[in-house]
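See structure below.
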């Protein structure tokens, strides 16, 4: 399986991101507003360097296929505190988020490969990272199975404001510790 390429998101990617956010399989779990001004509000700070997350367009075989982001939880204290209500959050913990935007990329093992490569990128990029912690809605089986296939283990269950208002607040929290050298 060919690896993914990750290119930092730019404002030129906004139409692509908006189109993905309108896809039913993305919209179900990632309820960001696809309007241009909303996409700017969500990603402009990352592009300008005022937001600590790193957001990338994922490419495969030269084609954009999805969006991924990685971030140190310390850069988002309220979110880290919310997770810490349910499980231990080490000071050097990171998190990630992801979606495949193109319908033709689903159910081909690409999500598993994408998250595996994104996780490896955290270990390579953030030498201080000790763990990756990811809350996932309990009903989003495809997403939490991708994490499990990459060695993440479910460490807690907690209640978080759901991205989609039709969902319950129940989430599973997954964790992967940095592999021993």
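Just one of 123, 144 is surrounded by 13 or more Cβ atoms within 10 Å (Cβ to Cβ), within 26 Å of residue 19 (Cα to Cα) and either within 16 Å of the chain's Cα centre (by Cα) or free of Cβ contacts under 8 Å to residues at least 12 places away in the same chain (or both); which is it?
144
Residue 132 passes all but one of (1) under 16 Å from the mean Cα position of the chain (by Cα); (2) crowded, with 16+ Cβ neighbours inside 10 Å; (3) assigned to a loop (DSSP other than H, G, I, E, B); which number fails?
Only one criterion in (1) under 16 Å from the mean Cα position of the chain (by Cα); (2) crowded, with 16+ Cβ neighbours inside 10 Å; (3) assigned to a loop (DSSP other than H, G, I, E, B) is unmet by residue 132, namely (3).
Look at residue 70 and say whether it is touching a strand residue (DSSP E or B) at 6+ places or on another chain (Cβ under 8 Å), in contact (Cβ under 8 Å) with a residue 24 or more places away in the chain, crowded, with 17+ Cβ neighbours inside 10 Å and closer than 18 Å to residue 131 by Cβ.
The answer is yes for residue 70.
Residues in the stretch 50-67 that are out of contact with any strand residue (DSSP E or B) (no Cβ under 8 Å at 6 or more places or on another chain) and either more than 25 Å from residue 13 (Cα to Cα) or assigned to a strand (DSSP E or B) (or both): how many?
Total meeting the criteria: 1.
Within the stretch 156-181, track down each residue that is part of a loop (DSSP other than H, G, I, E, B) and touching a residue at least 40 places away in the same chain (Cβ under 8 Å).
The answer is 160, 163, 164, 165, 178, 179.
Taking only the stretch 44-53 into account, find how many residues are within 15 Å of residue 76 (Cα to Cα), touching a residue at least 24 places away in the same chain (Cβ under 8 Å) and in contact with a helix residue (DSSP H, G or I) (Cβ under 7 Å, 6 or more places away or on another chain).
Looking only at that region, the number is 1.
Which number in (1) more than 27 Å from residue 169 (Cα to Cα); (2) in a helix (DSSP H, G or I); (3) in contact with a helix residue (DSSP H, G or I) (Cβ under 7 Å, 6 or more places away or on another chain); (4) in contact (Cβ under 8 Å) with a residue 40 or more places away in the chain marks the one condition that residue 14 misses?
Single failed check for residue 14: (4).
None of the figures in this text is laboratory data; all of them are computed from the coordinates on show. In this text the structure is predicted, and so the values were computed from the model without any measurement. Ideal geometry is used to build each Cβ from the backbone, glycine not excepted, and the neighbour counts take in all protein chains shown.
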